[in-house]
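Encoded as structure tokens, the structure appears first; notes follow it.
The values are calculated or read from the model by the stated rules, or taken from the named source; none is laboratory data. Fair warning: this is a prediction, and the values are worked out from it, not measured in the lab. Virtual Cβ from ideal backbone geometry, glycine too; neighbours counted across all protein chains shown.
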Amino acid sequence: MPTTPTILTPKGANVPNGWPFDAFEFYFEPQPTALPSGVVLGGVMRSSLVITLTSAQLLALNATAIPLLNAPGTPPKGFGSSLVIVPTELYAQYTFGGTAYTLGNADNKVQVEYTGQATNLISVAANGLLTAGVNTVVSVQPQAAGNLAQTVVANLGIEAKCTGTTPAFTLGNGTLTLSLDYDIIVLL
């Protein structure tokens, strides 16, 4: 049975200065299935996830963050020091369940952040979405998080939680489906 070649370009072809290898190789070998499924473009892995938060999860979102992605681990030896997940777009679909949610405050939002950190990476306002009396959808782009220490972003997972002045959802019974597009980037 033939094996998949690991060298993707001829030796000496367009290799960056200081590159420790003879040619571009498939560096996720020998365990390509150990990484989440996605597409690698220019060394950046692009992928997405879809998760539906139940009414019980939404009602407890203030106190209990919902894990969306596990920590990506570390890259293969010789291929950087750590990996970071970078959210690129969030699409939220609220399915009305008969009773709209009551918010703790008008500034409540569902926020996506690194596990255990409070930095808003991408969020969607709850007002108008979870308070709607009909099925509602919204698409949002990431927030400018500013300068973050590498130790605050490297090898961490992603979670969702409710934030705001008085963060809490009550009385509602609908669901919220989050579709998150993200990149995984290698840090040197």
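Please enumerate the residues belonging to region 91-122 that are more than 22 Å from Ala144 (Cα to Cα), crowded, with 17+ Cβ neighbours inside 10 Å and hydroxyl-bearing (Ser, Thr, Tyr).
If the condition is that a residue be more than 22 Å from Ala144 (Cα to Cα), crowded, with 17+ Cβ neighbours inside 10 Å and hydroxyl-bearing (Ser, Thr, Tyr), then Tyr94, Tyr101 are the ones that fit.
Scan Ala149, Ala60 and give me the residue that is of a type in the set (A, V, I, L, M, F, W, C), free of Cβ contacts under 8 Å to residues at least 12 places away in the same chain and loosely packed, with under 15 Cβ neighbours inside 10 Å.
Result: Ala149 is the single residue among Ala149, Ala60 that is of a type in the set (A, V, I, L, M, F, W, C), free of Cβ contacts under 8 Å to residues at least 12 places away in the same chain and loosely packed, with under 15 Cβ neighbours inside 10 Å.
Here's a check for you: in region 148-172, which residue that is out of contact with any Lys or Arg (no Cβ under 7 Å at 6 or more places or on another chain) and β-branched (Val, Ile, Thr) is farthest from Thr64 (Cα to Cα)?
For region 148-172, the residue satisfying everything is Thr151.
Taking Val153 and the conditions (1) touching a Cys at 6+ places or on another chain (Cβ under 7 Å); (2) more than 19 Å from Ala63 (Cβ to Cβ); (3) not small (Gly, Ala, Ser), which numbered condition does it fall short on, given that it satisfies the others?
(1)
Return the only residue of Thr115, Thr95 being farther than 15 Å from Gly157 by Cα and either in contact with a helix residue (DSSP H, G or I) (Cβ under 6 Å, 6 or more places away or on another chain) or touching a residue at least 40 places away in the same chain (Cβ under 8 Å) (or both).
Of the residues listed, the single one that is farther than 15 Å from Gly157 by Cα and either in contact with a helix residue (DSSP H, G or I) (Cβ under 6 Å, 6 or more places away or on another chain) or touching a residue at least 40 places away in the same chain (Cβ under 8 Å) (or both) is Thr95.
Among the numbered criteria (1) within 17 Å of the chain's Cα centre (by Cα); (2) at pLDDT 75 or above; (3) more than 26 Å from Thr175 (Cα to Cα), which single criterion is violated by Val40?
Every listed condition holds for Val40 apart from (2).
Residue under question is Glu113, and the condition is that it be within 24 Å of Ser48 (Cβ to Cβ) and in contact with a Pro (Cβ under 7 Å, 6 or more places away or on another chain); does it hold?
Answer is no for this residue.
Checking Val134 against (1) under 18 Å from the mean Cα position of the chain (by Cα); (2) modelled with pLDDT of 90 or more; (3) surrounded by fewer than 14 Cβ atoms within 10 Å (Cβ to Cβ); (4) in a loop (DSSP other than H, G, I, E, B), only one condition comes out false. Which one?
The failed condition is (1).
Evaluate region 165-175: report whether one residue or more is of a type in the set (Phe, Trp, Tyr), farther than 23 Å from Leu49 by Cα and in a strand (DSSP E or B).
yes
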